[in-house]
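Beneath this line is the structure, given in structure tokens, with notes to follow.
The values are calculated or read from the model by the stated rules, or taken from the named source; none is laboratory data. Computed from a prediction, not measured in an experiment: that's the story for all the values here. Positions of Cβ are backbone-derived with ideal geometry, glycine not excepted, and every protein chain shown enters the neighbour counts. Each accessible area value is taken on the protein alone, full model and side chains, heavy atoms only, with ligands, DNA and RNA left out. Shrake-Rupley method; radii C 1.70, N 1.55, O 1.52, S 1.80 Å.
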Amino acid sequence: MVTLGINIDHVATIRQARKTVEPDPVAAAVLAELGGADGITVHLREDRRHIQDRDVHLLRQTVRSHLNLEMAPTQEMVAIALGLKPDYVTLVPEKREEVTTEGGIDILANRDRFTAIVNQLQGAAIPVSWFIDAESEQIEAAASTGAKFIELHTGKYADAGDEATQAKELAALEKGTQIAITAGLRVNAGHGLTYWNVYPVACIPGMEELNIGHTIVSRAVLVGMERAVREMKLAIQGRL
Ligand code: PXP
């Protein structure tokens, strides 16, 4: 059975919209775990646009499932990870101007530097996952760095405009998963998955964990709206 890692970045996005203390992603992680989350994922971005250093340090102390730290493969981030000791690290490409992670990382173009980073992290007992597109060259390159995992980028599948394209992208994810497993890698996937498109990806043989964020935070805002309004009515009446 595929497991579910909850990406809570966008709880922090709402907080940072006001630079206040609510909603606290640390509280969201506790509730996500009560709901059955198998892991908690956060992306500490270079520009700290959502998750803050304070969040990852508190999450390290409070997360009871496993903490997956997404980060760019930079020495600043490696130093943070070595101090924090998350359960694993997912290395992602990062551009300041992007709204979200736009594509998989290019391991082929940076193999030596990236292998050194994997050695630093895994040498400190922090397993590494590479967030890559489902392309055989990138998968083989990921394996050659010694990393334990890959996370296949499901964005092209999620963004497919028609059924034929979606089927083609699903087939690429299935093939990529098999190539990776044959190369000795464990396989996760994520990005752009929703309540409507997740099932076929969850059925891919050998798939271990899906990392899902935006659609879950979006639904949480909506399913919580009625109760939140009722509670504000009570607060206005001094009855909360
Ligand atoms: N996996 C990775 C590597 C990501 O960068 C993200 C987005 O931060 C996700 C999964 C989750 O994507 P989404 O928020 O679209 O579910």
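The table below gives the values:
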item: Residue in segment 1-35 that is farthest from Leu193 (Cα to Cα), counting only those that are of a type in the set (Gly, Ala, Ser) and open to solvent by 60 Å² or more (accessible area, probe 1.4 Å); result: Ala17
item: Total residues in segment 131-168, condition under 14 Å from Arg186 (Cα atoms), among the aliphatic types (A, V, I, L, M) and within 16 Å of the ligand (Cβ to nearest atom); result: 7
item: Options Ala172, Ala220, Ala164: the member that is of a type in the set (Gly, Ala, Ser) and either open to solvent by less than 40 Å² (accessible area, probe 1.4 Å) or assigned to a strand (DSSP E or B) (or both); result: Ala172
item: Of all residues making up segment 99-137, the number that are part of a helix (DSSP H, G or I) and open to solvent by less than 20 Å² (accessible area, probe 1.4 Å); result: 4
item: Residues of segment 1-47 that turn out to be among the β-branched types (Val, Ile, Thr) and either part of a helix (DSSP H, G or I) or without any contact (Cβ under 8 Å) to a residue 60 or more places away in the chain (or both), as a count; result: 9
item: Filter result for Lys175 (out of contact with any strand residue (DSSP E or B) (no Cβ under 7 Å at 6 or more places or on another chain) and within 16 Å of the ligand (Cβ to nearest atom)); result: no
item: Selection status of Ala81, assigned to a helix (DSSP H, G or I), within 16 Å of the ligand (Cβ to nearest atom), under 17 Å from Asn7 (Cα atoms) and among the hydrophobic types (A, V, I, L, M, F, W, C); result: no
item: Residue in segment 56-71 that is part of a loop (DSSP other than H, G, I, E, B), within 14 Å of the ligand (Cβ to nearest atom) and either at pLDDT 95 or above or open to solvent by 60 Å² or more (accessible area, probe 1.4 Å) (or both) present; result: no
item: Ile204 being surrounded by 16 or more Cβ atoms within 10 Å (Cβ to Cβ), under 30 Å from Ala125 (Cβ atoms) and more than 16 Å from the chain's Cα centre (by Cα); result: yes
